[in-house]
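Written below as structure tokens is the structure these notes are about.
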Amino acid sequence: MNILIFIAGLLGLAYAIACHRVPVRTLAVVAGLLLATFTLLGGFSLFWGLLFWTLYAVPAVMLGIPSLRRQWLSAPLRKRISKVLPSMSETERAAIEAGSVWWEAELFRGAPDWRKLQDYSLPTLSDDERTFIDGPVDELCAMIDDWEITHERMDLPPKVWEFMKRQRFFGMIIPKRYGGLEFSAYGHSCVVTKIAARSISAGVTVMVPNSLGPAELLLHYGTEAQKDHYLPRLADGREIPCFALTGPFAGSDAGAIPDSGIVCKGRYDGEDVLGLRLNWEKRYITLGPVATVLGLAFKAYDPDGLLGDDEELGISCALIPVDTPGVTIGNRHFPLNAAFQNGPNNGKDVFIPLDFVIGGQAMIGKGWRMLVESLSAGRGISLPAVGASAGKACARTTGAYARIRKQFNTSIGRFEGVEESLARIGGLAYLMEAGRVLTLAALDSGEKPSIVTAILKYYNTEHMRDVVNDAMDVHGGRGICMGPSNYIARAYQSLPVGITVEGANILTRSMIIFGQGAIRCHPYLVREMDAAAMDDLDRADAEFDAALVGHAEYFLRNFCRALIFGLSGSHLAPAPYPGRIGNYYRRLGQMSAAFAVSADLVLMILGGAFKRKEKLSGRFADALGYMYYASAALKKFEADGQPRSDLPLLEWSVKYCLYQIQAALDEILRNFPIKWLGVVLRHTIFPLGLNLRQPNDYLGHRVAALLIRPGEARDRLTEGLYASNDPDDITGCLEDALVKVIAAEPIERRLRHDGFDYEGPEDYAQWVENLLRDGHVSAEEADILHTARSATRKVIMVDDFSPEQMTVGAAAARKTASRNKAVGKKAAVKA
């Protein structure tokens, strides 16, 4: 009984630490008084008394007496860390220091302040942006024929290129004073979202000039002369840009690029000038085959000391007109039947003056920092918009198709197996949109949250893969037969493109999200690392000691939060709302505390060796990523006015995220570096077991039901898509048929009830005429049945081709391949 009372006292103390910011010194005094009182009252046996007093006294003395702590704890620990701390390359340091931290830091640190999340203002479109999206963007979408683009031309039609240039689609990020549109990140993203749902090839063509590339780099780092020359020309399409970073021997490891620029003197425009002689080989360069100006990343060297004493100057970026002597623009790559322009290029002894370097001579060697700082923002706009676009498009088209398509006299969308796929499509579409909008709120407020944008790029493209796969399963044969009426196959084919670019997803998950996030988000880790690397030992000891004390308090608070929130089933965790919605905030707070404790222990145990534990890092990335998405879903629901009809989408999304967080933490504990400590930690953070579950069947049914019927929730979920009810439009026919099929359903139910099911052998039109003749349907009802049948047939039919058409297509493909191969050989000989 005595020990139970004592444990209750300890839990009360843990609750005070977890839920009330009581100073640690005060808590230490209270804990000492509790121990002393219990000891004096005879509550301990000798063994337990010695054990508890030792557990209390050692940390109390070491942390409470600065001189002893520095001598016996912090100084030895700093020396050990300084010996084992791995060296950090300049590219690694630049990547880690790029951008800023934002909401993800709150989740990482175990005590998210929900008031901050509530205070974030989600972005809205300006009048200019809304006018552009409702005008030129809709006009462009109406012009797009993706079959013509991807099968017949393998390029955008000239009229589309001209329209994009004239309407300044390539100048969305360029300020108005240079002739651009000066859109917000949100406006830019909404344009890409609408176009990409219509055509991936057109979407990529629009997004690349507005993403990481010459315009973005010029805006932030270019000289005034460079801005004045290039930005107006980029805005109106006179210049088509590309950016060349990746090469055959340097992909994700950009620091290893062999492409070089040697500082030297040379002739340019008839004058002797100081410049760089460049040699490079690049590939996978989007818009490269049609570019007029080439952004290039290379390593600069100054062997003759023309600029100073350093020979290796570092990665630099330059803008090079493609007609510069020595530049070779290669053939086109063929990325999974997508028609956006992409291909290799190379340069042999290309001489450029120093003012071709972005930012001029002063920015030589600073190219990598320029790139990662720009990527920390740009990565959160374009590809996540494509993912959200796919989610919206699949939700709208697949939901409509599942209602229209019938088997066994029942819409396939009412079959439980199909409902399962529809629920995933709807829930993940809601998550992708929520993550997109929350991240754009950060970007438009001036933040550059590099970890958040990495999370968004990874999970929006991965979830895009999930929803498109589910959509293909539901469409069946309708989805796999290529042709002008297929609205899903090209998106399906192109899935790996988004997975691969702007940081391959495997790398992003296993190395970047948590690998860099741990250093950026942890409140003390960087301070400890910096102190361990200092040359001034006295200052190093003092700085490290101060960080260590803060770190110890940080760990103690998170440990107590994880324990108390776990024991209470998250009921003691804070929440901004009562009731069911509040419970999701509380559960998320519990997971945040569990994450913080687990991450801290793993980092303390492994230290620098964690850099090589990519599987653990990937699981931490999953936990952090899904905490972010759950937050985004809750924020979206609140910003939308908490519409009751959206509750199924919210609940499915948050339950899905919470389960994924729990699964990630469970895998971390199963593979913990010290097995016995992993067992102890499991009972600390999950004292009631793994009690979170996937969304149940009933919730999935409610989500699926939203997708197969017109309504506000369906419209909100798919807002931002190109809308058409034209029965001759590739997706407009679905909207047209959906309305007609729903109108016919009551008539069909009544007829089935009366024993009149269409079973043949006469054709459907004759069957309806017989019903009309016999008085079983009115003329109006007969017309409704006829139009529904006709609209359904238009939706479910697939394209077919004559043998001659197939042969001509194959021959044309072989001819094109042979021509490109021949041109490639000539280019190689010339080089």
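Considering amide H positions built from the backbone, and no H for Pro or chain starts, which residues 5 or more places from SER100, or on another chain, come under 5 Å of its amide H?
LYS448, SER450
Starting from the coordinates of the alpha-carbon atoms of segment 614-721, obtain the Kirkwood hydrodynamic radius over all distinct pairs and give the value in Å to one decimal.
15.7 Å
When the expected Rg is taken as 2.2 N^0.38 Å, what fraction or multiple of it is the alpha-carbon Rg of segment 549-694?
Relative to the rule-of-thumb radius for its length, segment 549-694 sits at 1.07.
About its Cα centre, how strong a charge dipole does the chain have in debye, to the nearest 20, once Lys and Arg get +1 and Asp and Glu get -1 at the Cβ? Intermediate values should be presented prior to the final figure.
Values: 90 positive and 94 negative charges, 470 e Å.
Computed about the Cα centre, the dipole is about 2260 debye.
Compute the signed sum of charges (Lys and Arg +1, Asp and Glu -1) over the other residues within less than 14 Å, Cβ to Cβ, of ALA429.
+1
Based on alpha-carbon atoms only, what is the radius of gyration of segment 545-601 relative to the globular estimate 2.2 N^0.38 Å? Please list the in-between numbers first.
Details: Rg = 12.8 Å, N = 57, 2.2 N^0.38 = 10.2 Å.
Here the answer is 1.25, to two decimals.
Collect residues whose amide H, placed 1.01 Å from N in the peptide plane, falls under 5 Å from the amide H of ARG283; neighbours closer than 5 in sequence don't count.
THR246, GLY247, ASN345
For segment 658-814, state the semi-axes of the equivalent ellipsoid (square roots of 5 times the eigenvalues of the alpha-carbon gyration tensor), sorted largest first and rounded to whole angstrom.
Details: eigenvalues 522, 151, 53 Å².
Semi-axis lengths for segment 658-814 are 51, 27, 16 Å.
Taking the Cα centre of segment 634-748 as the origin, how large is its charge dipole in debye, to the nearest 20, when only Lys and Arg (+1) and Asp and Glu (-1) carry charge on their Cβ atoms? Numbers along the way, then the final one.
Numbers: 13 positive and 17 negative charges, 219 e Å.
That gives a dipole near 1060 debye.
Take the alpha-carbon centre of segment 526-586, take the same for segment 320-398, and report the distance between them in whole Å.
So the two Cα centres are separated by 40 Å.
So what is Rg over Rh here for segment 234-331, counting just Cα atoms and using Kirkwood for Rh? Numbers along the way, then the final one.
Numbers: Rg = 14.3 Å, Rh = 14.5 Å.
On the Cα set of segment 234-331, Rg over Rh gives 0.99.
If you average 1/r over every pair of different alpha-carbon atoms in segment 166-237 and take one over that average, what Kirkwood value in Å do you get? List each step's numbers first, then the result.
Numbers: mean 1/r = 0.0822 Å⁻¹.
Every distinct Cα pair counted, the radius reaches 12.2 Å.
What share of Cα pairs, in percent, lie more than 11 angstrom apart in segment 479-522? Display every interim value, and only then the final one.
Values: 665 of 946 pairs.
For segment 479-522, the share of Cα pairs beyond 11 Å comes to 70 percent.
Restricting the calculation to Cα positions, tell me the Rg (one decimal) and the Dmax (whole number) of segment 485-638 in Å.
When restricted to Cα atoms, segment 485-638 yields Rg and Dmax of 19.7, 73 Å.
Enumerate the whole-percent occupancy of each 10 Å bin, from 0 to the last occupied one, for all C-alpha pair distances of segment 243-297.
Percent of pairs per bin, in order: 22, 40, 30, 7.
Find how much the distance from ARG80 to ILE65 grows on full extension, using 0.36 nm per residue of separation minus their present alpha carbon separation; answer in nm with one decimal.
Values: separation 15, 0.36 × 15 = 5.40 nm, distance 2.16 nm.
Fully extending the segment from ARG80 to ILE65 adds 3.2 nm.
Could you compute how fast segment 386-431 diffuses translationally, taking Rh as the Kirkwood radius over C-alpha pairs and applying Stokes-Einstein at 20 °C with viscosity 1.002 mPa s? Give it in µm² per second. Numbers along the way, then the final one.
Values: Rh = 10.7 Å.
Approximately 200 µm²/s, per Stokes-Einstein.
If each residue of separation counts as 0.36 nm, what is the full-extension length gain between ARG670 and LYS116 once their alpha-carbon separation is subtracted?
Details: separation 554, 0.36 × 554 = 199.44 nm, distance 3.37 nm.
Difference between extended and current length: 196.1 nm.
So how far apart, in nm, are the two label points at THR131 and HIS229 if each is 7 Å from Cα heading toward Cβ?
3.4 nm
How large is ³J(HN,Hα), in whole Hz, for each residue of segment 501-509 in order, when computed from phi with the Karplus curve 6.51 cos²θ - 1.76 cosθ + 1.60 and θ = phi - 60°, using x for Gly and Pro?
8, 6, x, 3, 4, 4, 5, 4, 6
Quick one: if the Förster radius is 25 Å, what FRET efficiency do ALA16 and HIS571 give, using the C-beta to C-beta distance and rounding to 0.05?
Working: r = 17 Å, r/R0 = 0.67.
So the FRET efficiency works out to roughly 0.90.
Note down the relative contact order for segment 380-488 as a percent, whole number, built from C-alpha pairs under 8 angstrom at least six residues apart. Before the final figure, lay out the partial values.
Details: 112 pairs, mean separation 42.9, N = 109.
That works out to 39 percent.
Would you calculate the volume per residue, in Å³, of the smallest convex hull containing every Cα atom of segment 742-802?
Working: hull volume 6.1 nm³, N = 61.
Taking the convex hull of the Cα positions in segment 742-802, it is 101 Å³ per residue.
Take every Cα-Cα distance within segment 620-667, group them into 5 Å bins from 0 onward, and report for each bin the whole-number percent of pairs it holds.
Reading the bins upward from 0: 5, 24, 29, 19, 12, 8, 3, 0.
Tabulate in residue order the Karplus-calculated ³J(HN,Hα) for segment 68-74, using 6.51 cos²θ - 1.76 cosθ + 1.60 with θ = phi - 60°, rounded to whole Hz; enter x for Gly and Pro.
Ordered by residue, 3J(HN,Hα) equals 5, 4, 5, 6, 9, 10, 5 Hz.
Give me the number: length gained by fully extending ASP323 to GLU712, i.e. 0.36 nm times residue separation minus the C-alpha to C-alpha distance, one decimal in nm. Write out the running numbers ahead of the final one.
Details: separation 389, 0.36 × 389 = 140.04 nm, distance 5.34 nm.
Length difference between fully extended and current span is 134.7 nm.
Calculate the radius of gyration of the Cα atoms of the chain to one decimal place, then report Dmax, the largest Cα-Cα distance, as a whole number, both in Å.
In Å, with Rg to one decimal and Dmax whole: 31.0, 103.
At a Förster distance of 30 Å, what's the computed FRET efficiency of GLU638 paired with GLU759, Cβ-Cβ distance as r, to 0.05? Mind showing how you got there, number by number?
Values: r = 52 Å, r/R0 = 1.72.
It comes to 0.05.
From the Cα trace of segment 465-558, what convex hull volume per residue do you get, rounded to a whole Å³?
Numbers: hull volume 11.7 nm³, N = 94.
Each residue corresponds to 124 Å³ of Cα convex hull volume.
Counting Lys +1, Arg +1, Asp -1, Glu -1, what net charge surrounds ASN725 among other residues with beta carbon under 10 Å of its beta carbon? Can you show the working numbers first?
Details: positive: none; negative: ASP726, ASP729, GLU735, ASP736.
Neighbourhood net charge equals -4.
Ordered by residue, what ³J(HN,Hα) values in Hz, to whole numbers, does segment 651-665 give under the Karplus form 6.51 cos²θ - 1.76 cosθ + 1.60, where θ = phi - 60° and Gly and Pro are x?
Here the 3J(HN,Hα) series is 5, 4, 4, 6, 4, 4, 4, 4, 5, 5, 5, 4, 4, 5, 5 Hz.
Starting from the exponent 0.38 and prefactor 2.2 Å, build the expected Rg for segment 459-502 from its residue count and divide its actual Cα Rg by it. Before the final figure, lay out each step's value.
On the way: Rg = 10.9 Å, N = 44, 2.2 N^0.38 = 9.3 Å.
That ratio works out to 1.17.
Using only the alpha carbons of segment 273-392, determine the length spanned along each of the three principal axes and report them from longest to shortest in whole angstroms.
56, 31, 18
Given H placed on each backbone N at 1.01 Å, which residues far from LEU313 in sequence or on other chains put an amide H within less than 5 Å of it?
Close amide H contacts, sequence-distant or interchain: ALA300, TYR301, ASP302.
Could you compute the FRET efficiency for LEU307 and ASP349, with r as their C-beta to C-beta distance and R0 at 22 Å, rounded to 0.05? Display every interim value, and only then the final one.
Numbers: r = 20 Å, r/R0 = 0.90.
According to the calculation, E is roughly 0.65.
Over all directions, what mean area does the Cα convex hull of segment 702-773 project, stated in square nanometres?
Values: hull surface 27.8 nm².
Dividing the Cα hull surface by four gives the mean projection, 6.9 nm².
Which value in Å is the Kirkwood Rh of segment 350-489 over different Cα pairs?
Details: mean 1/r = 0.0571 Å⁻¹.
That comes to 17.5 Å for segment 350-489.
FYI, it's all coordinate maths here, none of it is from the lab. It should be emphasised that the depicted structure is a prediction, and the values quoted were computed from it without experimental measurement. Virtual Cβ from ideal backbone geometry, glycine too; neighbours counted across all protein chains shown.
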